[in-house]
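Each remark here refers to the structure printed beneath this line.
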């Protein structure tokens, strides 16, 4: 994570990249009205401080894992710092979040079918430091991961509480 907050110039550049992900610096400069050197330096900074990864997201269904589920987990607090590394060893674990509330972790997993999900959930539960789990099946992916509306809000000059709708 970064503490860096993007400005409207960064936002314009990120929106142009969203529209044309393979655009060259020259093409991005033309699309945004920025100087090529500005685009180049901003891209370097965004890549090192803001963009989380350069890989395109691959739908798990395309690798034979169409079932998505979320596993809530209670953990042994003394082992919490080791759990991200341990859970990352399970290929079907897509994301892990530390959460507030009744559970400690929210683990997104992918599976081939119900039997495979049972196997994956057992792998998670058998991870040292996981005390108990509860699994929720995702029936339909309704809103995909997105940040473009947030970037558009920054470009418009507002962010956070300032941008609340009436």
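When region 58-67 is examined, which residues are found to be over 16 Å from the mean Cα position of the chain (by Cα) and in a loop (DSSP other than H, G, I, E, B)? Before the answer, list the steps.
Kept after step one, since they are over 16 Å from the mean Cα position of the chain (by Cα), are these residues of region 58-67: 61-67.
Listed by number, the residues that qualify are 64, 65, 66.
Which residues, counting only those in region 29-45, are surrounded by fewer than 17 Cβ atoms within 10 Å (Cβ to Cβ) and assigned to a helix (DSSP H, G or I)? Before you say what the answer is, go through the steps one by one.
Restricting attention to region 29-45, the residues satisfying the condition of being surrounded by fewer than 17 Cβ atoms within 10 Å (Cβ to Cβ) are 30, 33, 35-38, 40-41, 44-45.
Within region 29-45, 30, 36, 37, 38, 40, 41, 44, 45 meet the criteria.
Filter region 68-89 down to residues that are surrounded by fewer than 14 Cβ atoms within 10 Å (Cβ to Cβ) and not in a helix (DSSP H, G or I), then give me how many there are. Working first, answer last.
Taking region 68-89 as the starting set, the residues that turn out to be surrounded by fewer than 14 Cβ atoms within 10 Å (Cβ to Cβ) are 76-78, 80-81, 84-85, 88-89.
Filter once more, keeping what is not in a helix (DSSP H, G or I): 76, 89.
Within region 68-89, residues that are surrounded by fewer than 14 Cβ atoms within 10 Å (Cβ to Cβ) and not in a helix (DSSP H, G or I) number 2.
Please go through region 127-146 and pick out each residue that is in contact with a helix residue (DSSP H, G or I) (Cβ under 8 Å, 6 or more places away or on another chain) and either free of Cβ contacts under 8 Å to residues at least 60 places away in the same chain or in a helix (DSSP H, G or I) (or both). Give the steps one after another, and end with the answer.
Within region 127-146, the subset in contact with a helix residue (DSSP H, G or I) (Cβ under 8 Å, 6 or more places away or on another chain) is 127-130, 132-133, 135, 137.
Passing the criteria: 127, 128, 129, 130, 132.
Looking for whichever is touching a residue at least 12 places away in the same chain (Cβ under 8 Å) and assigned to a helix (DSSP H, G or I) here; the options are 116, 122. Which one fits?
On the way: 122 fails: touching a residue at least 12 places away in the same chain (Cβ under 8 Å).
On inspection, the qualifying residue turns out to be 116.
Could we say that residue 155 is surrounded by 13 or more Cβ atoms within 10 Å (Cβ to Cβ), outside the structural domain of residue 18 (by TED's automatic domain parsing) and closer than 30 Å to residue 32 by Cα here? Explain how you work it out, then say what you get.
Details: surrounded by 13 or more Cβ atoms within 10 Å (Cβ to Cβ): yes; outside the structural domain of residue 18 (by TED's automatic domain parsing): yes; closer than 30 Å to residue 32 by Cα: yes.
Here the answer is yes, as residue 155 does meet what is asked.
Restricting to region 36-59, count the residues that are at pLDDT 85 or above and either within 19 Å of residue 110 (Cβ to Cβ) or not assigned by TED's automatic domain parsing to the domain that holds residue 18 (or both).
Count: 1.
Within region 90-102, which residues are in a loop (DSSP other than H, G, I, E, B) and in contact with a helix residue (DSSP H, G or I) (Cβ under 8 Å, 6 or more places away or on another chain)?
Start the filter on region 90-102 by keeping residues that are in a loop (DSSP other than H, G, I, E, B), which leaves 90-92, 99-102.
90, 92, listed by residue number.
Look at region 21-57 and say how many of its residues are under 20 Å from the mean Cα position of the chain (by Cα) and closer than 17 Å to residue 148 by Cβ.
8
Name the residue that is farthest from residue 69 (Cα to Cα), counting only residues in region 103-113 that are touching a helix residue (DSSP H, G or I) at 6+ places or on another chain (Cβ under 8 Å) and without any contact (Cβ under 8 Å) to a residue 40 or more places away in the chain. Spell out the reasoning first.
Here is the first cut: in region 103-113, the residues touching a helix residue (DSSP H, G or I) at 6+ places or on another chain (Cβ under 8 Å) are 104-105, 107, 109-111.
Applying the additional criterion that residues be without any contact (Cβ under 8 Å) to a residue 40 or more places away in the chain yields 104-105, 107.
Details: 104: 17, 105: 13, 107: 8 Å.
Restricting to residues being touching a helix residue (DSSP H, G or I) at 6+ places or on another chain (Cβ under 8 Å) and without any contact (Cβ under 8 Å) to a residue 40 or more places away in the chain, the top hit is 104.
Any residue in region 109-118 that is buried (at least 16 other Cβ atoms within 10 Å of the Cβ), under 30 Å from residue 6 (Cα atoms) and touching a strand residue (DSSP E or B) at 6+ places or on another chain (Cβ under 8 Å)? Walk me through it before giving the result.
From region 109-118, those buried (at least 16 other Cβ atoms within 10 Å of the Cβ) are 109-112, 116-117; that's our starting set.
Add one more test, that the residue is under 30 Å from residue 6 (Cα atoms), and what stays is none.
Within region 109-118, not a single residue is buried (at least 16 other Cβ atoms within 10 Å of the Cβ), under 30 Å from residue 6 (Cα atoms) and touching a strand residue (DSSP E or B) at 6+ places or on another chain (Cβ under 8 Å).
The values are calculated or read from the model by the stated rules, or taken from the named source; none is laboratory data. Note that the structure is predicted; figures quoted are calculated from it, not measured. Neighbour counts run over all protein chains shown; Cβ positions are idealised from the backbone, glycine included.
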